[in-house]
Amino acid sequence: MHWSFDIRSGLLVGALLTLLVGVLLAVVARALPANLRPAVTPWIAATLLQPVGFVLLTQRDVLPPWLTIVVANALIALAFAAYGLALRRFFQLPARAGLLSLAVALAVATSAWWGLVQPDLTQRLIAISLVLAWMLGYSAWTIYRRSDARGPIRHVAGGAFLFSSLIMAYRAVVLVYDPGQVTTVFQLTHVQLLTYALGGILPVVATLGFLLLCTERSQRELERAARVDYLTGVYNRRAIEELGTRAIAAARRHGMSLAALVVDIDHFKRINDELGHAAGDHALVRAVERIRDELRTEDLLGRLGGEEFIVLMPSTDSASAVAAAERIRESFSAQPLVLGDQRRQVTLSIGVAVLAPADRQFSQLLQRADRAMYAAKKAGRDLVMADGMGGWEATPPGA
């Protein structure tokens, strides 16, 4: 059975598909979250530059060589650089524009030298293949090196770039050992077929993989938004109640203690009234930072609402919990918060409760810690008060 394949036609079909992908991506980009658009923009540029380069390649012997060799390869190299830049932005890494620009410059220089100054098809294809292999490999490396790109989704885009890089490197190696493999640009050999098929498939598969990465990122951010307080970045009430229920189950299962601290900022309304709500928001953020400084890695911090926070401390008995609460309280009373251009003395009332046999639900532990916190407020504020089941009394400031 005899069959033939016209590389020019294949390139034109690939260019059309890539162009359609770019247009569709530009439409879809409007529906993506704003934080993803800086990465999507260069990706769209890549899917628009690459087909123009393909079309120019097909016009060899019709248009001048500087267009069909130098400009065509420059546009393809720019497209690959744009893919790399998009991925760097997506993963919030330094752009490394200088490195990518150097690769583009090498592609242009080798195309001009072995295409116009000292025409040599074999040398030009070897050089261009190596430069493009590095650029494609750089994109694959960017994806696979990131710890937040795990699971099968990363293999769609990452695998496309990695496979493409290997194909380009393979062409370079084959031409080094067997220059006769390609004596004309559109000669139908397995090397050329692999290379140009790659050019048509890569943008489609890589873009699909990129969109899957964007979707996965958006899904994770939505899940995080459902569990995290938008202002302070700590767990919200819903999340902390779920985590509290799990912590109680774990404490019972392993026979360990569990402490809860309810922390309330004293006279918080005055901050809002006197300095404005923006200062109040800033005070909450700074308060969270200061509380976190006094906690262990395994402790959980959440916002119950308003100026009230909760700390869950696994494997912590009454004495240790009260000591931790005292450290948190003293960190506030000893040093004012800086709110804008003002320094404001802020104090805390903290209630402490430790898991008791009677606590069947997290709400019971929380209620006892909350009662202890209100007892601290009634006793004069700037106090740590322990729940009666823990066997602790009020701890006065400086004690």
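Scanning the stretch 143-178 for residues that are under 17 Å from V205 (Cβ atoms) and among the polar types (S, T, N, Q), we see that the one that is surrounded by the most Cβ atoms within 10 Å (Cβ to Cβ) is S164. Give the stretch 251-273 a look and list any residue that's acidic (D, E) and in contact with a Ser or Thr (Cβ under 9 Å, 6 or more places away or on another chain), or say none. D264, D266 - these are the residues of the stretch 251-273 that are acidic (D, E) and in contact with a Ser or Thr (Cβ under 9 Å, 6 or more places away or on another chain). Of all residues in the stretch 322-338, those that are in the same structural domain as D281 (by TED's automatic domain parsing) have Cβ atoms under 7 Å from Cβ atoms of residues that are aromatic (F, W, Y), 6 or more apart or on another chain, in V322/W392. Please indicate, with yes or no, whether at least one residue in the stretch 216-223 is of a type in the set (A, V, I, L, M) and surrounded by 14 or more Cβ atoms within 10 Å (Cβ to Cβ). The answer is no, given that none of the residues of the stretch 216-223 is of a type in the set (A, V, I, L, M) and surrounded by 14 or more Cβ atoms within 10 Å (Cβ to Cβ).
How many of the residues in the stretch 296-318 are without any contact (Cβ under 8 Å) to a residue 40 or more places away in the chain and either over 29 Å from the mean Cα position of the chain (by Cα) or surrounded by fewer than 17 Cβ atoms within 10 Å (Cβ to Cβ) (or both)?
Selection size over the stretch 296-318: 4.
Of G306, G388, all but one fail to be at pLDDT below 95 and on the phi > 0 side of the Ramachandran plot; the exception is G306. Restricting attention to the stretch 339-358, the residues being in contact with a Ser or Thr (Cβ under 9 Å, 6 or more places away or on another chain) and free of Cβ contacts under 8 Å to residues at least 24 places away in the same chain number 1.
Of the residues making up the stretch 186-223, those that are assigned to a loop (DSSP other than H, G, I, E, B) and either of a type outside the set (S, T, N, Q) or farther than 24 Å from V13 by Cβ (or both) are F186, L188.
For the stretch 205-252, a tally of residues being closer than 17 Å to I310 by Cβ, among the basic types (K, R) and free of Cβ contacts under 8 Å to residues at least 12 places away in the same chain returns 1. Looking at the stretch 38-57, can you tell me whether even one residue there is modelled with pLDDT of 90 or more, surrounded by fewer than 16 Cβ atoms within 10 Å (Cβ to Cβ) and under 26 Å from L188 (Cβ atoms)? Within the stretch 38-57 (the criterion being modelled with pLDDT of 90 or more, surrounded by fewer than 16 Cβ atoms within 10 Å (Cβ to Cβ) and under 26 Å from L188 (Cβ atoms)), the answer is no, since none of the residues qualifies. Residue check, Q181 against (1) assigned by TED's automatic domain parsing to the domain that holds L125; (2) exposed (fewer than 15 other Cβ atoms within 10 Å of the Cβ); (3) without any contact (Cβ under 8 Å) to a residue 60 or more places away in the chain; (4) not β-branched (V, I, T), all met but one. Which one? Of the numbered conditions (1) assigned by TED's automatic domain parsing to the domain that holds L125; (2) exposed (fewer than 15 other Cβ atoms within 10 Å of the Cβ); (3) without any contact (Cβ under 8 Å) to a residue 60 or more places away in the chain; (4) not β-branched (V, I, T), the odd one out for Q181 is (2). Exactly one residue among L93, L116, L87, L132 is touching a residue at least 24 places away in the same chain (Cβ under 8 Å) and not in a helix (DSSP H, G or I), and that residue is L93. Cβ-Cβ distances below 6 Å connect the following pairs, each with a first residue in the stretch 64-79 that is assigned to a helix (DSSP H, G or I), a second residue that is among the basic types (K, R), and a separation of six or more residues or different chains: T68/R60.
The values are calculated or read from the model by the stated rules, or taken from the named source; none is laboratory data. It should be emphasised that the depicted structure is a prediction, and the values quoted were computed from it without experimental measurement. All Cβ positions, even for glycine, are placed from backbone atoms using ideal geometry, and neighbour counts span all protein chains on display.
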